[in-house]
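Presented below is the structure to which this report refers.
None of the figures in this text is laboratory data; all of them are computed from the coordinates on show. Every value quoted in this text rests on a predicted model; they were computed, and no experiment measured them. Virtual Cβ from ideal backbone geometry, glycine too; neighbours counted across all protein chains shown.
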Amino acid sequence: MVILLLASPLLQSCEGRISARDTVPPIFNFHISGDGLNLDIDDDFDFDNKALYLKRDALYAIIYTASDGKALERASWEMPSSHIVLMYENEEDWVTVTTTPPEPQFTQWTGDPNSPITAKYLVPSRFQALGDAHDGVIRNFLFTFSAGDYHSNTTTRTLIVRITNDDSHVGSRD
């Protein structure tokens, strides 16, 4: 079983305004560092061919950012509920829904149109790949990141994460 542990997040935002028209979709960034990684995963990442390999039991620092040039309406991060444990001390306006496997665990922020912002950050102080059975089988775990604005522009990307005994790296999905 794989368990990733996230604890003690720092949450931040930036002021924005809802425009009358917006055709540009929001963007996201998943920054991860630790075990030799210092990586930004964003829209330029090759999601169709690459996977993020994390080392079992390694600790990482992460920052998940969703942003929009005008005003961000929502941001979310979805991951397998049977393999991921999220623990927050001060999640403020982020909501985490833990479901029964195989349904995913979902962490979401929803904006307030009366107080719009351009970006929302989630910065857990602990992110650890605890691993699963040492049976040599490589399993795909899906991290789905999504960001939407007030004009129905949405960006959604799914990252394949694999936890192994090897050093952390980006590698082929094959």
Discussion item. Along the Cα→Cβ direction, 7 angstrom out, place labels at ARG21 and ASP112. What is the inter-label distance in nm?
Written reply: 3.1 nm
Worksheet entry | All lysines inside 20 Å of LYS70 as judged from Cα atoms, apart from same-chain residues fewer than 8 positions distant | LYS120
